[in-house]
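These notes concern the structure reproduced below.
The values are calculated or read from the model by the stated rules, or taken from the named source; none is laboratory data. All figures in this text were calculated on a predicted structure; none of them were measured in a lab. With ideal geometry, Cβ positions are generated from the backbone for all residues, glycine too; neighbour counts draw on all protein chains shown.
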Amino acid sequence: MALTKPTSPVKTASSAAKPAVKETNSTPMTLVFDKGNYRLLIIAIAVVVLGFVLMSGTTDIYSNTKIVVAPVVVLTGFAIGFLAIFKKPSAK
């Protein structure tokens, strides 16, 4: 069996696929949260941790700190966290 040359040039995948030119976007990337949002989120985490530390407290399980103050502190920390998430970043 004799080998014959093809009549037209053979295109390979590497010669047919040219890399697409990506256009750069001139608008700067903006983050979802602002510096103030992150600051509020860190404060919220600290307040929640403080509430749980108050809840652990002493051996007296019926103390006013464990029953009233610590849950209010924890709920306040969660409220600050929700505020940090839903606060809109300042427009510049």
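A few notes on this one:
- Residue that is farthest from Leu83 (Cα to Cα), among those in segment 31-61 that are hydroxyl-bearing (Ser, Thr, Tyr) and modelled with pLDDT of 75 or more: Thr59
- Extreme residue, surrounded by the fewest Cβ atoms within 10 Å (Cβ to Cβ), among residues of segment 27-82 that are small (Gly, Ala, Ser) and in contact (Cβ under 8 Å) with a residue 40 or more places away in the chain: Gly36
- Residue match in segment 53-67 (condition: under 30 Å from Val32 (Cβ atoms), assigned to a helix (DSSP H, G or I) and among the aliphatic types (A, V, I, L, M)): no
- Sole exception among (1) modelled with pLDDT of 95 or more; (2) of a type in the set (A, V, I, L, M); (3) farther than 30 Å from Lys87 by Cα for Ile67, by number: (1)
- All positions within segment 83-92 that are surrounded by fewer than 13 Cβ atoms within 10 Å (Cβ to Cβ) and not in a helix (DSSP H, G or I): Lys88, Ser90, Ala91, Lys92
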